[in-house]
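Step one of this worksheet: look at the structure below.
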Amino acid sequence: MEKDLTTGSVFKNVVLLSLPYLLSYFLQTLYGMADLFIIGQFEGVASTTAVSIGSQVMHMLTVMIVGLSMGTTVSVGQAVGAGNRKQAAHNIGNTVILFLVLSIALTAILLSLVHPIVVAMSTPADAVSGTVTYLTICFIGIPFITSYNIISSIFRGLGDSKSPMCFIATACAANIALDYLFMGVLHLGPAGAALGTTLSQAISVVVSLTVILKRRSIVLKKSDFKPCRAVMGKILGIGIPIAFQDGLIQVAFIIITIIANQRGLNDAAAVGIVEKVISFLFLVPSSMLSTVSALGAQNIGAGKPDRAIQTLRYAVMLAAGFGVLASIAIQFTAEGIVSLFTDPSTADGAAVILFGGQYLRGYIFDCIFAGIHFSFSGFFCACGKSGLSFLHNILAIVLMRVPGVYVTSKLFPATLLPMGLATAAGSLLSVVICLIAFGVIRRKSTLVLVEVTNYK
């Protein structure tokens, strides 16, 4: 399970670690879409709408939990890199206690807020009951969602990205099978979708715990579970900014969707389709963020900041290179891609394809800049400076992305191209901020080495 990432070819480590990340994120995206796709085959519009709205809420919660778990990946990775297995075990034990308490508290809070959340989402009257049912069951399953992501973060901190990939693959397969059982055979509707999601997460947790017990690469003692303010503070100090960052990004997506909705049905449909396409293309930048975090943490923990910087450089090259190739290809294929999601033979379908092609041609450049600033975010996390990741993202959202989309939507009512470019401009601002922050860090030689020396 444990893998030393502080030796050997840096480029090879980046590639070998990022591929399982990439596949994991793909499976997680597929996992999130399964409920919606399957219920559409067996239920009416009200049930489909209920699952769609409920899935949006759960996706936001999940990405924030994933962001919070980044603190575990970094703290465990730094301890492993420093060769301090005792500290790594202590970090893992404190992670278990911390997230056990948080998951129980979060479950209780969310269950008490189910109805206000449904109202806040402007849920249509016919879908209210189904949405409440879906969210209630999913909220009860929060401890399973938290457990899976925390276990995965521990594996990644140990340098193992393949095992989490297997865990999510197991959950994805179980979710699809259970969805067909609960919705196709038993006709449980939104409740069936939620049960499939919750039970599949539970299955994944059981599988992951079985793997841990068999391998026993790090043995935990009773004392490792004794709460330590410094350890928990570091985990939260790294994880909270990332969690809020990911949450705010989702809020920005919702705001942009609202802006598009105000332009009319065809524009709204076009933006919705492009967002789905972009979500798949962004799997590469996302995998680089996680890769740089895990690799960088171990190398910084081992006192090898140069390898961490080299990891960042390779990640930027790979992510930006992918973005450039994708941007070029999209300029020739934008309308064809959008047409896969709508009927081109109808007037509305043709309009959606036209507007969607415009939006995608502009938006795709975001893939270049996002690949760069995602890699820098991973590096900042590895250094224990996740606050910088939060800073550049919130500034980009508040100063450029949202206002840029709003202004261009008003100035250019006949095309969505400027709106797409505005989203890319937001990421460009993030890149500029990241480069400045990175330059300051290097000049002051503050790669959090002071912190990690305590691990040795």
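The values are calculated or read from the model by the stated rules, or taken from the named source; none is laboratory data. These numbers come from a predicted model, not from an experiment. Here the Cβ is made from the backbone with ideal geometry for all residues, glycine too, and neighbour counts use every protein chain on show.
With the requirement that a residue be surrounded by fewer than 24 Cβ atoms within 10 Å (Cβ to Cβ) and in a helix (DSSP H, G or I), what does region 150-163 give you?
Within region 150-163, LYS162, SER163 qualify.
Within the set of pairs 6+ apart or on separate chains, which have a first residue in region 218-241 that is within 17 Å of PHE390 (Cβ to Cβ), a second that is of a type in the set (A, V, I, L, M) and crowded, with 18+ Cβ neighbours inside 10 Å, and C-beta atoms under 7 Å apart?
ILE235/LEU98; ILE238/MET70; ILE238/VAL74; GLY239/LEU68; GLY239/MET70; ILE240/LEU68
Looking at (1) in a helix (DSSP H, G or I); (2) more than 20 Å from LEU388 (Cα to Cα), which is the one condition that is false for ARG263?
Only one criterion is unmet by ARG263, namely (1).
Does PHE322 count as closer than 24 Å to ASP246 by Cβ, aromatic (Phe, Trp, Tyr) and in a helix (DSSP H, G or I)?
Spelling it out, PHE322 is indeed closer than 24 Å to ASP246 by Cβ, aromatic (Phe, Trp, Tyr) and in a helix (DSSP H, G or I).
Hand me the list of helices (runs of 4 or more DSSP H) wholly inside region 38-132 holding 1 or more residues that are within 25 Å of PHE379 (Cα to Cα), among the basic types (Lys, Arg) and at pLDDT below 80.
85-112
Assess whether VAL96 counts as being under 23 Å from the mean Cα position of the chain (by Cα) and free of Cβ contacts under 8 Å to residues at least 12 places away in the same chain.
The answer is no for VAL96.
How many residues are surrounded by fewer than 19 Cβ atoms within 10 Å (Cβ to Cβ) and either free of Cβ contacts under 8 Å to residues at least 60 places away in the same chain or among the aliphatic types (A, V, I, L, M) (or both) if we restrict to region 260-282?
Counting residues in region 260-282 that are surrounded by fewer than 19 Cβ atoms within 10 Å (Cβ to Cβ) and either free of Cβ contacts under 8 Å to residues at least 60 places away in the same chain or among the aliphatic types (A, V, I, L, M) (or both) gives 6.
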